[in-house]
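Working notes, beginning with the structure itself.
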Amino acid sequence: MNSAMTTHPQTGRVVFLDGPGDLPMVEITTPWSTAEIHLLGATVTHFQKRGEQPMLFVSKFSRFEKDVPIRGGIPVIFPWFGKPADKPGQHGFVRQQMWEVKEFFSPPDGSVFVRLHLPKVGESPLCPGAAVEYVIGISEQLTAELIVTNTGAQPLVFEDCLHTYFATGDIAGVSVSGLTGQEYLDAVQDFLPIMDAMPAIQVEQEVDRVYLNAPQTTEIRDEQWKRVIRVEKENSRSTVVWNPWIAKSKRMQDYGDEEYLQMICVESGNVRTDAITLAPGVTRSLKIKLSSLALA
Ligand code: TA6
């Protein structure tokens, strides 16, 4: 399938096509940028501003198969994060489901918005009564908003996370700031609580940190690519920072042994004690805004 739909005569352009694994995807072009969204997991797999390196990382070894999450981009984690003992599998189930495009539109400025939804998700006993929509905005920046409504009669408890894989130059020249003075749970040490006293996070070993009660903006500084990426967020109390480093990279089938050198995950959500309890009839959205600036 390859059907082009120009939404705005001048600039906003949306193309529906079959991507890797013959899975349906959407290709977007705006005056500032290009992007790709896979309906598998509603995973944004590409965002690139003109004249800049791509912002998102996707593993060269990612599988593009039904019911298998894509290794990279922005996997949507819902209705649980991690691997709680009472849940089947890691990081919820919506990241490996086929989502549907509900609508797309392009305001006069040429930006493009795509609204996706996952019909029937609320029929799952794992999130009874949940209605889930996801709105992605592409322009000079990328916005992604996960909108959850409780259509049931009972409170709905869930975790959510936009598990963003950022592409980087050499990881040795990358640092993440904005979390100094915050306590985090170190997943590498069985979630041991540790106070982060460093001015910025540097990756020199496996990093897998869950910062709770951390609603603030973070920045990823990349010396090699001379870029700063800003991660702004709304309704997100948790930030997770992850790089698998050497040993874990080797253990992951859908990830290259050396790919830890060119990516870092800075994830925005509500996990563990930041989990959400949504009353019947209530809607809540988790939103990120990703932008970048050149380093002088
Ligand atoms: O978000 C960090 C993390 O929870 C790590 O522990 C690591 O496992 C990563 O997610 C990837 O998980 P996945 O299920 O995609 O292999």
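Close amide-amide hydrogen proximity is noted between Val157 and Leu278, each under 5 Å apart and 5 or more residues distant or on a separate chain (H modeled in the peptide plane; Pro and chain starts excluded). Between amide H atoms placed 1.01 Å from N, distances below 5 Å from Lys233 occur with Lys289, all of them 5 or more places distant or on a separate chain. In order along region 52-64, phi translates into HN-Hα couplings of 10, 5, x, 8, 10, 9, 10, 5, 5, 9, 4, 7, 10 Hz, rounded to whole numbers, per the Karplus curve 6.51 cos²θ - 1.76 cosθ + 1.60 with θ = phi - 60° and x for Gly and Pro.
When you count the other C-beta atoms within 10 angstrom of each residue and take the mean per peptide, 205-218, 259-272 line up highest first as 259-272, 205-218. Listed by chain and number, the lysines whose C-alpha is less than 29 Å from the C-alpha of Lys120, apart from same-chain residues fewer than 8 away, are Lys66, Lys83, Lys87, Lys102, Lys233, Lys287, Lys289. In region 62-195, one over the average inverse separation of all distinct C-alpha pairs is 17.4 Å, which is the Kirkwood hydrodynamic radius.
Size descriptors for the chain: radius of gyration and Dmax over Cα atoms are 18.4, 55 Å. Each peptide in 171-181, 245-255 was scored by the mean count of other Cβ atoms within 10 Å over its residues; highest first, the order is 171-181, 245-255. Relative contact order for the chain using alpha-carbon pairs under 8 Å, separation at least 6, rounded to a whole percent? Once divided by the residue count of the chain, the mean separation gives 17 percent.
Per the Debye formula on identical point scatterers at the alpha carbon atoms of region 173-296, with no solvent, log10 I(q)/I(0) at q = 0.23 Å⁻¹ is -1.40. Every Cα-Cα pair of region 91-152 was included, and the share exceeding 17 Å stands at 45 percent. Centroid-to-centroid, using Cα positions, region 63-121 and region 228-253 are 17 Å apart.
Derived value for region 1-138: Kirkwood hydrodynamic radius 15.8 Å. Basis is the mean of 1/r over every pair of different alpha-carbon atoms. Taken about its Cα centre, the chain carries a charge dipole of about 340 debye when Lys and Arg each add +1 at the Cβ and Asp and Glu each add -1 at the Cβ.
Using a probe of 1.4 angstrom and keeping all protein chains present, the accessible surface of the chain works out to 43 square angstrom per residue. Between the residues Ala200, Gly21, Leu39, the greatest Cα displacement towards the positive end of the dipole of the chain, with unit charges on the Cβ of Lys, Arg, Asp and Glu, is found for Leu39.
The values are calculated or read from the model by the stated rules, or taken from the named source; none is laboratory data. Keep in mind the model is a prediction, meaning the values are calculated, not measured. Every residue, glycine as well, gets a Cβ built from its backbone with ideal geometry; the counts of neighbours run over all protein chains shown. Ligands, DNA and RNA are excluded from the accessible area calculation, which covers all protein heavy atoms including side chains. Shrake-Rupley method; radii C 1.70, N 1.55, O 1.52, S 1.80 Å.
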